[in-house]
1. Checking the structure you have, find out if any residue of the stretch 7-15 is out of contact with any strand residue (DSSP E or B) (no Cβ under 8 Å at 6 or more places or on another chain), assigned to a helix (DSSP H, G or I), surrounded by fewer than 12 Cβ atoms within 10 Å (Cβ to Cβ) and of a type outside the set (D, E, K, R).
2. For Gln149, which of the numbered conditions (1) closer than 30 Å to Ala32 by Cβ; (2) in contact (Cβ under 8 Å) with a residue 12 or more places away in the chain fails to hold?
3. Looking only at the stretch 65-90, which residues are within 15 Å of Thr37 (Cα to Cα), assigned to a loop (DSSP other than H, G, I, E, B) and at pLDDT 95 or above?
4. Considering only the stretch 101-111, I want to know if a residue exists there that is surrounded by 13 or more Cβ atoms within 10 Å (Cβ to Cβ), closer than 22 Å to Leu27 by Cα and of a type in the set (A, V, I, L, M).
5. How many residues does the stretch 22-55 contain that are exposed (fewer than 15 other Cβ atoms within 10 Å of the Cβ), within 15 Å of the chain's Cα centre (by Cα) and at pLDDT 95 or above?
6. Tell me which of these Ala90 doesn't satisfy, since it passes every other one: (1) out of contact with any helix residue (DSSP H, G or I) (no Cβ under 8 Å at 6 or more places or on another chain); (2) surrounded by 14 or more Cβ atoms within 10 Å (Cβ to Cβ); (3) closer than 23 Å to Arg113 by Cβ.
7. Could you please tell me which pairs satisfy a Cβ distance under 8 Å, a separation of 6+ or placement on different chains, a first residue in the stretch 18-34 that is without any contact (Cβ under 8 Å) to a residue 12 or more places away in the chain, and a second residue that is buried (at least 18 other Cβ atoms within 10 Å of the Cβ) and of a type in the set (S, T, N, Q)?
Amino acid sequence: MPSRPCPDPACGIARSLDVLGERWALLIVRDAMLGRTRFSEFRSHLGVSPDILAARLASLVDFGVLTRETYREPGEREREEYLLTDAGRALAPVLSALGSWGLEHRPVDAGSRITFTDPDSGAPVRLAFLAPDGREVAPGALRVTRSEQPA
């Protein structure tokens, strides 16, 4: 899939959106984190058209978020499944932050929610900004700055 020129190639947010900014991309990653690996699973759960799903899966593979592996069920033809790479698993904080924002600013009364939990205790975890001394900094107190990188 041809890539559009990045409007600010030094900006990590802009470069990330080159990979993840297309509709369905993060929902596919979310479903992969929930254990879905097969085209049919993504298709039935998301309700996305096959052409769009195929394009998004190919793009996520091309950018190293997913890897495509071949498998064969007994008595069936070879098929492919899509597995998260380290880069894909590293998107957990991004999905957690988006989910938290959605719950707070776009609430709904019913439906399932994604919860990120500690694998040892099973207790829910949350994201936080920490200062170098370990003190938590509230998102509203943050200052966003730009630093120029040497050429």
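1. There is at least one residue in the stretch 7-15 that is out of contact with any strand residue (DSSP E or B) (no Cβ under 8 Å at 6 or more places or on another chain), assigned to a helix (DSSP H, G or I), surrounded by fewer than 12 Cβ atoms within 10 Å (Cβ to Cβ) and of a type outside the set (D, E, K, R).
2. Answer for Gln149: the failing condition is (1).
3. Val65, Thr85 - these are the residues of the stretch 65-90 that are within 15 Å of Thr37 (Cα to Cα), assigned to a loop (DSSP other than H, G, I, E, B) and at pLDDT 95 or above.
4. no
5. Looking only at that region, the number is 2.
6. Only one criterion is unmet by Ala90, namely (2).
7. none
Residue by residue, here is whether (1) of a type in the set (Phe, Trp, Tyr); (2) within 24 Å of Pro124 (Cα to Cα); (3) without any contact (Cβ under 8 Å) to a residue 60 or more places away in the chain holds:
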residue: Val48; (1), (2), (3): no, no, yes
residue: Asp62; (1), (2), (3): no, no, no
residue: Thr67; (1), (2), (3): no, no, yes
residue: Leu84; (1), (2), (3): no, yes, yes
residue: Leu91; (1), (2), (3): no, yes, no
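The values are calculated or read from the model by the stated rules, or taken from the named source; none is laboratory data. Bear in mind that the values here come from a model prediction, so they are computed numbers and not experimental data. So basically every Cβ, Gly included, is an ideal-geometry build from the backbone, and we count neighbours across all protein chains shown.
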